[in-house]
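Just below is one structure, and these are the notes that go with it.
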Amino acid sequence: AAGPGDLVEVIDRRGERCGFGLYNPRSEISVRMLRHGQAPPDENFWQQRLEQAVALRRDLLQLDTVTDAYRLVHAEADGLSGFVVDRYGDILSAEVFSLGMFQRAAELMRRLAELTSARQTLVRVDSQVHGQEGFLAESIRSPEFPEQTTITEHGTRFRVFFADGHKTGFFCDQRDNRKLLAGYCRERTVLDLCCYSGGFAIQAKRLGAAREVTGVDLDEAALALARSNADLNQQRINFVQADAFGYMRDMLQNGRQYDVVVLDPPKLIRSRRELDEGTRKHFDLNRLALRLVRPGGLLLTCSCSGLLSEEEFLRLIFAAARQAAGPHDEGAASGRAVQLLAKTGAAPDHPIAPACPETEYLRAMWLRVE
């Protein structure tokens with residue numbers, strides 16, 4: 001008699017109870033496990049999960065000392081499958097990926113607001129999730145919810161627009177990578193491809209003291225936000241509205257190269273049906289980006305497609321390097337020698353659940369290019 005979104009008991013093939021989860025017969029994931037063992041989730045269960053999530057960010061990671069924007073709840077990694085919450089100052093912005101969690105989201109956000117002293121909350125469901133989970137729902141906003149806010153990351157300010165922003169409004173997962181990249185940028189030329197709201201570009205200029213920074217994105221609204229963020233921090237950056245493929249080809253024809261290149265495309269693989277096409281796009285992007293790096297320079301290349309494994313991502317990067325020609329020869333295949341300096345991922349406020357490898361979705365490879 002269980003209905004969509006109900007809490008159900010989960011029985012193994014031997015007839016023994018193995019835990020409890022949220023049921024949705026319309027979803028590709030019929031049951032999202034909440035708790036293993038014999039005891040059903042009660043009021044204390046939900047409160048403890050939220051308190052543990054907040055304590056990780058505030059007490060152990062001490063994120064309030066470096067930023068007021070971070071991931072507060074990271075779905076399965078915090079024991080709350082299908083529920084993601086980011087904090088932006090006194091605002092909590094949630095994205096829900098399951099019907100069962102959406103039915104409970106208002107109460108969960110009320111509890112989180114009490115734990116964090118947040119004054120405004122937002123819950124929204126991506127249109128793709130509506131199809132996957134079999135329900136339609138409008139966003140849930142607290143009264144007088146603002147259209148935008150301003151957050152601070154390592155002393156740099158960024159505006160966050162909630163109506164048009166990707167995901168919950170801002171990519172907190174690249175926070176540590178943005179600071180790390182800045183350390184390579186002093187007096188160097190930097191190209192930030194798929195720059196969105198300008199995170200890498202602005203930190204390269206403000207924290208890294210780069211000599212020249214160019215940010216490229218096809219989204220006109222994103223570039224307007226990036227320019228606004230640069231002005232907010234009094235940084236001069238050249239932002240260009242262009243397709244990344246076309247822009248890179250134009251620069252190669254002009255013989256242009258950069259000391260540091262950042263390639264951080266949007267999610268190219270959203271389902272297994274897109275795996276082959278998305279992998280080819282990653283390959284082509286990296287092949288062009290490698291050619292734009294001045295000899296001895298740095299390429300930071302990223303993937304946020306959880307279905308693209310680390311092994312496959314590295315394989316395609318190395319294959320792209322072998323096919324990356326020089327800046328003046330479009331048809332050559334002389335290749336570029338690369339050294340893998342480091343492998344990083346999302347900041348630690350995006351922890352990884354051992355039982356759910358998809359929580360390790362962001363891959364960032366740091367390569368020296370010869």
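The values are calculated or read from the model by the stated rules, or taken from the named source; none is laboratory data. Note that the structure is a prediction, hence the values are computed from the model and not measured. Cβ placement follows ideal geometry from the backbone for every residue including glycine, while neighbour counts extend to all protein chains displayed. When the accessible area is computed, the model is the full protein with side chains, heavy atoms only, and any ligands, DNA or RNA have been set aside. Shrake-Rupley method; radii C 1.70, N 1.55, O 1.52, S 1.80 Å.
For Arg141 and Glu370, the FRET efficiency from 1/(1 + (r/R0)^6), where r spans their Cβ atoms and R0 equals 41 Å, is about 0.20. Listed options for Rg and Dmax of the Cα atoms in Å are [x] 20.4, 60; [y] 21.2, 63; [z] 21.8, 69. The value calculated from this structure is the one marked [z]. Between Gln148 and Ala242, the modelled label-to-label distance comes to 2.6 nm, taking each label 7 Å out from Cα in the direction of the beta carbon.
Write down the accessible area per residue of the chain in Å², having rolled a 1.4 Å probe over the full set of protein chains. Walk me through the intermediate numbers first.
Details: 17020 Å² over 370 residues.
Counting only protein heavy atoms, the per-residue value for the chain is 46 Å².
The distance from the alpha carbon centre of region 1-56 to that of region 199-259 is 45 Å, rounded to a whole number. With R₀ set to 35 Å, the beta-carbon distance separating Lys281 from Glu16 gives a calculated FRET efficiency near 0.15. Rounded to the nearest 0.05, the FRET efficiency derived from the C-beta distance between Leu232 and Asp59 at R0 = 30 Å is 0.45. In region 252-370, the inverse of the mean reciprocal separation of distinct Cα atoms equals 14.8 Å; this is its Kirkwood hydrodynamic radius.
A 23 angstrom limit on the alpha carbon distance is what I want to check against. Which of Lys179/Lys281; Lys205/Lys267; Lys281/Lys343 exceed it? Correct reply: Lys179/Lys281; Lys205/Lys267. Taking the DSSP bridge list for the chain and keeping only pairs wholly inside it, about 65 percent are antiparallel. Charging the Cβ of each Asp and Glu at -1 and of each Lys and Arg at +1, and nothing else, the dipole of the chain about its Cα centre rounds to 880 debye.
Would you mind checking the tilt of helix 99-116 against the longest principal axis of the Cα atoms of the chain, expressed as 0 to 90 degrees and rounded to 10? Here the helix axis deviates by roughly 80 degrees.
Of the accessible area of the chain, with the probe set at 1.4 angstrom, what percent is carbon plus sulfur? Looking at the chain in its full context, I get 47 percent from C and S.
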